[in-house]
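The structure appears below as structure tokens.
The values are calculated or read from the model by the stated rules, or taken from the named source; none is laboratory data. Keep in mind that this is a model prediction, so the values were computed, not measured. Note: ideal-geometry Cβ built from the backbone for every residue, glycine included; neighbour counts use all protein chains shown. Each accessible area value is taken on the protein alone, full model and side chains, heavy atoms only, with ligands, DNA and RNA left out. Shrake-Rupley method; radii C 1.70, N 1.55, O 1.52, S 1.80 Å.
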Amino acid sequence: MEKTNQPKLLLGIFIIFIIVFLNALGPFFQLQQIVTLGLLPFLAGIAFIYDSNSFHSNKKEFFIFLTLFILSLITIYYYKGYDEYTTSLSSLFGAVISAYIVIGLVTNVNYSIYFHIGYILSILFLFGIMVINGNITTDFASALAVRDRFLLNANAYSYFCVFANFSLFYLYLKFKNRLILILLLVLPLLFLIIAFTTQSRAGLLLITLINICFWIFVNKPKTINSFYKVFRKLIILISILLLAFQFIKIYEGSRIQNRVEIKENTKDSRELLIEKGIEVFQENPIFGVGLGQFPLYNKFGLFTHNSYTEILAEQGLVGGILLFSLFLIPTFKSYRNYRRDKKNPLYKFYLLFFITFLIYNNFYVFYKFPFSMMYFFLIITLQKRDTTFQINRE
């Protein structure tokens, strides 16, 4: 394949299709295996062609992640549940493949816009499926309904909302397009409706916080006109107050309020899972109990919903060091970039994303899944591209 600096439209459309199929249409048509075992490896092959001349260069985080996957292979010698192991291994393999795909298709030839569009369309398709299945009603916040009625895990919808929200941030900072601005103002309201409907506490909190941080911290105007600055701050403050009043009105008496306000002396199941994860780690500190095995060590039969305790419980201190390194290296890089140029909105965007991602991993095991690691490595790769570009300009 002849390499050019311009992305090919046909491949871009194919990327969008795969992401939407991975996140929404695959589960809807019950064809997830086609994506994991077919489409993702095929796209990884295309990525390798683009990346073949620079395969070993500037991939520190990817090789850390690959090492974590290789470490998980030793579980074959001491697993307790074979099906649990193979299921987790398949998902982790898909995550590694997904990570490499964005590296290969963004580093040299920048296909990132298609990945961002794919994530935005994914949540729109998922919302459409919710409507088709009757999961969205006018009393979306207070409707009495079980959380397992959705196509995906109820919390997964908020994960896609957060990633799509960050994609909107990035596209707006890059292009300052009026259409993107409208989407940036409207879609977060849809994301909040989804969070209320699925009763996602973390989603509700983070969607709110990242949008406030974006308008106050990230997207600051370059103009030095003092009147404009004061007027802008006033508009933002009024908007936040109006939305806050409406938010409180919806929140009062909502189903999610019952999940947030846990009764005194009653522990949430996630707290119990985290405590059990720490206990399992203390009993198996070096290599853990093995990939995918933690559900067999707790009465709920669930994973910990926390990346940090999950990795320590299942892959021990060795796996923990690898995962912490994977998450912290790009975070420290974004902080150094921000310290070097505090006015650069992209540097602030990257810092906001990595801090949010570190927090969000307290609520879900993101490192095991293709959709999340594809997005994580997308932001890593874009940060490297933009850092190199800024350094070359100086």
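Worth a mention:
- Looking across the stretch 86-111, the residues that are of a type outside the set (V, I, T) and open to solvent by 10 Å² or more (accessible area, probe 1.4 Å) come down to S88, L89, S90, S91, F93, Y100, N108, N110.
Matching residues to (1) free of Cβ contacts under 8 Å to residues at least 60 places away in the same chain; (2) under 18 Å from F376 (Cα atoms); (3) small (G, A, S):
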site: P7; (1), (2), (3): no, no, no
site: I18; (1), (2), (3): no, yes, no
site: F28; (1), (2), (3): no, no, no
site: N53; (1), (2), (3): yes, no, no
site: I64; (1), (2), (3): no, yes, no
site: L92; (1), (2), (3): no, yes, no
site: A95; (1), (2), (3): no, yes, yes
site: I120; (1), (2), (3): no, yes, no
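- Qualifying residue in the stretch 51-60 (condition: open to solvent by 30 Å² or more (accessible area, probe 1.4 Å), outside any helix (DSSP H, G or I) and charged (D, E, K, R)): no
- K276 being modelled with pLDDT of 90 or more, among the basic types (K, R) and closer than 30 Å to L322 by Cα: yes
- Verdict on L40 being more than 30 Å from N298 (Cα to Cα) and touching a Gly at 6+ places or on another chain (Cβ under 7 Å): yes
- On inspection, L323 passes the criterion of being under 26 Å from L40 (Cβ atoms) and outside any loop (DSSP other than H, G, I, E, B).
- Picking from residues in the stretch 205-225 that are open to solvent by less than 80 Å² (accessible area, probe 1.4 Å) and at pLDDT below 85, the one that is farthest from Y335 (Cα to Cα) is N225.
- Every pair of residues 6+ apart whose Cβ atoms lie under 6 Å, when the first sits in the stretch 378-394 and is in a helix (DSSP H, G or I) while the second is open to solvent by 40 Å² or more (accessible area, probe 1.4 Å): T381/T107
- Index of the failed condition, G320 passing every other in (1) without any contact (Cβ under 8 Å) to a residue 60 or more places away in the chain; (2) open to solvent by 20 Å² or more (accessible area, probe 1.4 Å); (3) small (G, A, S): (2)
- Search result, residues across the stretch 357-376 that are in a helix (DSSP H, G or I) and either open to solvent by 10 Å² or more (accessible area, probe 1.4 Å) or under 20 Å from L291 (Cβ atoms) (or both): L358, I359, F366, Y367, K368, P370, F371, S372, M373, M374, F376
- Residues that are at pLDDT below 85 and closer than 19 Å to K8 by Cβ within the stretch 109-149 are absent altogether.
- Flag if K249 is open to solvent by 80 Å² or more (accessible area, probe 1.4 Å), closer than 28 Å to D341 by Cβ and modelled with pLDDT under 90: no
- Any hit, the stretch 300-317, residues being assigned to a helix (DSSP H, G or I), open to solvent by 30 Å² or more (accessible area, probe 1.4 Å), closer than 25 Å to V96 by Cα and out of contact with any helix residue (DSSP H, G or I) (no Cβ under 6 Å at 6 or more places or on another chain): yes
- Residue check for F69: under 24 Å from S325 (Cα atoms) and open to solvent by 10 Å² or more (accessible area, probe 1.4 Å): yes
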